[in-house]
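Below: one structure, written as structure tokens.
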Amino acid sequence: LEHGFVGQPPDLDRAAYWYTLAAEHGSASAQFSLAHLHTQRGEGSLAAHFYSLAADQGHTGAQHNLGVLLMDSDTERAKELLARAVEQHYVPAQFALAVLLDRQALKDGRSATPAVGL
């Protein structure tokens with residue numbers, strides 16, 4: 001529904017309805033998908049809520065996405081979430097965590113993290 005079927009346009013409202021039902025029953029995958037829909041609609045607080053529910057269940061994509069959403073507002077929580085995703089070998093979180101740590105180093109007046117192996 002979110003992406004449409006062959007010959008059918010996407011139906012985001014219908015997808016949100018079904019994702020909500022599954023999310024209310026604790027499906028981390030549905031919570032993640034619902035958060036993604038809210039992100040696409042510009043509904044950041046709802047997206048953060050559903051990413052948080054999925055992240056608390058160990059969904060690595062949700063940990064990463066919520067960490068990225070929180071990078072500018074709650075860096076400690078963002079760092080924690082990204083580190084949890086990195087521990088589960090989620091590669092996009094490795095990059096996001098490196099960016100966050102680099103930003104913090106520059107903000108604190110320290111030199112940026114040196115490149116390794118160059």
Under 18 Å from SER29 (Cα atoms) and at pLDDT 95 or above: is that true of ASP74 in this structure?
no
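Keeping to region 21-44, report how many residues are surrounded by fewer than 15 Cβ atoms within 10 Å (Cβ to Cβ), in a helix (DSSP H, G or I) and touching a residue at least 12 places away in the same chain (Cβ under 8 Å). Give the steps one after another, and end with the answer.
Here is the first cut: in region 21-44, the ones surrounded by fewer than 15 Cβ atoms within 10 Å (Cβ to Cβ) are 21, 24-26, 40-44.
In the following step, the residues that additionally are in a helix (DSSP H, G or I) were identified as 21, 24, 40, 44.
Among the residues that remain, those that are also touching a residue at least 12 places away in the same chain (Cβ under 8 Å) are: 40, 44.
The qualifying residues number 2.
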Per-region count, region 91-109, residues part of a helix (DSSP H, G or I), open to solvent by 50 Å² or more (accessible area, probe 1.4 Å) and of a type in the set (Gly, Ala, Ser):
1
With respect to ALA15, determine if the residue is surrounded by fewer than 21 Cβ atoms within 10 Å (Cβ to Cβ), in contact with a helix residue (DSSP H, G or I) (Cβ under 8 Å, 6 or more places away or on another chain) and of a type in the set (A, V, I, L, M, F, W, C).
yes
Taking only region 77-90 into account, find how many residues are open to solvent by 70 Å² or more (accessible area, probe 1.4 Å), over 13 Å from ASP56 (Cα atoms) and in a helix (DSSP H, G or I).
1
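Take the residues in region 52-76 that are surrounded by fewer than 16 Cβ atoms within 10 Å (Cβ to Cβ) and assigned to a helix (DSSP H, G or I), then tell me which one is nearest to the chain's Cα centre (by Cα).
ASP56
The values are calculated or read from the model by the stated rules, or taken from the named source; none is laboratory data. Here the structure is a predicted model, which is why all the values come from computation and not from measurement. Because the Cβ atoms are built from the backbone with ideal geometry, glycine has one as well, and the counts that use them run over all protein chains shown. Accessible surface areas use protein heavy atoms only, side chains included; no ligands, DNA or RNA. Shrake-Rupley method; radii C 1.70, N 1.55, O 1.52, S 1.80 Å.
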